[in-house]
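Read through the structure below, which is laid out as C-alpha cells, and then see the notes.
Read-outs throughout are calculated quantities, based only on the coordinates presented, and are distinct from any laboratory measurement. Just so it is clear, the structure is predicted and the values come from calculations on it, not from any experiment. Here the Cβ is made from the backbone with ideal geometry for all residues, glycine too, and neighbour counts use every protein chain on show.
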Amino acid sequence: MLNINNGRTLAKIELITGRSHQIRVQFSSRGYHIYGDAKYGAKNKEKKAIALHSYELSFIHPTKKEEMTFICEPKRYPFDEMI
C-alpha cells in the first residue's frame, strides 16, 4: 500500500500471470473494487475513468532479444482524488 486516504487505498501491484482483467477480478472478489470500475462493482459509476494505470511495462524485444522497459507517470485524474 502506498497511501490510504478517505477510505481509498493507493496500491502498487505486480502482475504475475498477465491474464486479462487480473487485477480487477482479484480485487473485486475480495470486496475491494477499483475506483471507477463499474464492470466489477465500483459504486462510483458516474466517473468516466478507471483508477488503474500501468506505470512500468517491460518485455523482451522480439527481434533484438533485449529487454525493453517503459515508464509512464500517471495523469492527475483520477488519482488526485485518492492521494
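For His33, which sequence-distant residues (separation of 5 or more, or a different chain) have an amide H within less than 5 Å of its own amide H, given hydrogens modelled in the peptide plane?
Counting only residues 5 or more places away or on other chains, the set is empty.
Mind sorting His21, His33 by how few other Cβ atoms lie within 10 Å of their own Cβ, fewest first? Could you put the intermediate results ahead of the total?
Details: His21 11, His33 17.
Listing His21, His33 from fewest to most nearby Cβ atoms yields His21, His33.
Please state the charge dipole magnitude for the range 3-79, taken about the Cα centre, from unit charges on C-beta atoms (+1 on K and R, -1 on D and E), reported in debye and rounded to the nearest 20.
Details: 14 positive and 7 negative charges, 82 e Å.
For this selection, approximately 400 debye.
Which whole-number percent gives the relative contact order of the range 3-79, counting Cα pairs below 8 Å spaced six or more residues apart?
Values: 74 pairs, mean separation 12.1, N = 77.
Reported relative contact order: 16 percent.
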